[in-house]
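Written out below as structure tokens is the structure these notes cover.
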Amino acid sequence: MIIVGDIGNTETKICLVNSKNIIIKRVTLSTKKISHSLLNKSLFGLGLKDKSINKCLFCSVVPKSFNKIKNFFNKTYRIKCHELKKLKLNKLVKIKVNYKQIGSDRLANAISVINNKDNFIILDFGTATTFDVLIKNTYHGGVIAPGVKLSLDTLTDKATQIPKISLKKTNKVVGLNTISAVRAGFFWGYEGLIDNIVNLIKKETKMSFKIIITGGFSKLFKNSTKTKVTLNKDITINGLIRATTLIK
Ligand SMILES: Nc1ncnc2c1ncn2[C@@H]1O[C@H](COP(=O)(O)OP(=O)(O)O)[C@@H](O)[C@H]1O
Ligand SMILES: CC(C)(COP(=O)(O)O)[C@@H](O)C(=O)NCCC(=O)O
Ligand SMILES: [K+]
């Protein structure tokens with residue numbers, strides 16, 4: 001059995017994976033609430049004490065949370081947790097960006113889909129909205145834009161007369177009330193962001209791409225953009241599973 005986990009700025013996902021690389025248990029935690037007691041309570045159901053875990057790999061963009069998780073696994077289960085960027089990733093993907101700065105989750109996404117034949121743009125609707133460019137066997141970097149929920153929460157927090165709003169797909173652009181105006185702003189705003197950045201990446205690289213979307217709000221945009229996209233909700237976790245082959 002192996003354990004893989006994605007520590008994002010909002011959510012941390014921890015998965016138990018069997019020898020056939022199938023995810024058999026999932027735990028989702030709020031990253032900022034991670035503590036020894038929360039981990040104890042949330043992971044108890046995985047029954048790790050009776051399982052032989054031979055590999056544990058995380059991608060983390062929140063170092064403090066990763067350290068808490070690493071210490072917890074070591075102390076409670078004597079399991080050594082690896083962080084993705086500490087592995088020899090160049091065996092799986094050529095990385096053309098500032099390696100120290102690049103987010104591990106972005107690399108996990110790239111490792112998940114790389115097949116040395118196709119080109120990919122991976123859109124991850126996380127706390128940030130990221131666009132990552134993979135051309136054959138090389139990761140070329142990408143774009144970081146504000147996340148959907150981050151923007152929505154900030155708007156409703158800062159604008160006194162804008163209430164908390166659930167985002168929905170909308171056909172109309174011109175809103176006749178506050179809620180429809182905000183929904184249009186987000187739906188058509190992000191739809192435009194997606195189509196525009198994808199087209200600019202194609203122009204700049206002179207390449208064509210398969211577009212993959214993932215992360216919290218990907219379902220909302222799956223069928224809305226002019227760009228044809230494929231939804232892959234476990235891309236980060238599957239990238240980690242693939243990368244565990246690098247752990248000896
Ligand atoms: N199914 C969902 N529907 C709507 N919002 C979601 C859903 N899942 C996650 N979110 C929100 O989308 C944002 C991104 O979630 P996630 O991709 O897990 O973030 P991260 O990877 O940055 O921690 C978070 O703010 C989260 O609250
Ligand atoms: C861009 C990100 C904030 C996305 O993280 P997430 O939305 O999944 O929390 C994360 O990948 C990150 O902190 N990256 C470091 C900066 C960089 O990638 O250049
Ligand atoms: K993410």
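The values are calculated or read from the model by the stated rules, or taken from the named source; none is laboratory data. Not measured: the values here are computed from a predicted model. Neighbour counts run over all protein chains shown; Cβ positions are idealised from the backbone, glycine included.
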Determine, yes or no, whether SER30 is touching a residue at least 24 places away in the same chain (Cβ under 8 Å) and within 24 Å of SER151 (Cβ to Cβ).
no
Query raised in the report: Within the range 211-218, can one find any residue that is assigned by the TED database to the domain that holds LYS149, touching a helix residue (DSSP H, G or I) at 6+ places or on another chain (Cβ under 9 Å) and surrounded by fewer than 17 Cβ atoms within 10 Å (Cβ to Cβ)?
Result: no
**Item:** Filter pass, ALA145 being under 20 Å from THR227 (Cβ atoms), within 16 Å of ligand 3 (Cβ to nearest atom) and not hydroxyl-bearing (Ser, Thr, Tyr)
**Value:** yes
Counting only residues in the range 149-186 that are in a loop (DSSP other than H, G, I, E, B) and of a type in the set (S, T, N, Q), the one surrounded by the most Cβ atoms within 10 Å (Cβ to Cβ) is identified as THR170
When the range 59-90 is checked residue by residue, the ones that are touching a residue at least 60 places away in the same chain (Cβ under 8 Å), in contact with a helix residue (DSSP H, G or I) (Cβ under 6 Å, 6 or more places away or on another chain) and not in a loop (DSSP other than H, G, I, E, B) are CYS59, LEU84
### Query
On the given criteria, is THR236 in contact with a helix residue (DSSP H, G or I) (Cβ under 8 Å, 6 or more places away or on another chain), in a helix (DSSP H, G or I), within 16 Å of ligand 3 (Cβ to nearest atom) and at pLDDT 95 or above?
yes
Only one of VAL61, VAL27, VAL17 is away from ligand 3 (no atom under 16 Å from the Cβ) and within 17 Å of the chain's Cα centre (by Cα), namely VAL27
Of those in the range 187-218 that are in a loop (DSSP other than H, G, I, E, B) and modelled with pLDDT of 95 or more, the residue farthest from THR12 (Cα to Cα) is LYS206
Inside the range 93-126, the number of residues satisfying the requirement of being part of a loop (DSSP other than H, G, I, E, B), touching a residue at least 60 places away in the same chain (Cβ under 8 Å) and crowded, with 20+ Cβ neighbours inside 10 Å is 1
Checked the range 194-224 for anything out of contact with any Leu (no Cβ under 9 Å at 6 or more places or on another chain) and either among the β-branched types (Val, Ile, Thr) or under 19 Å from ALA128 (Cβ atoms) (or both); matches are ASP195, ASN196, LEU200, ILE201, THR205, GLY216
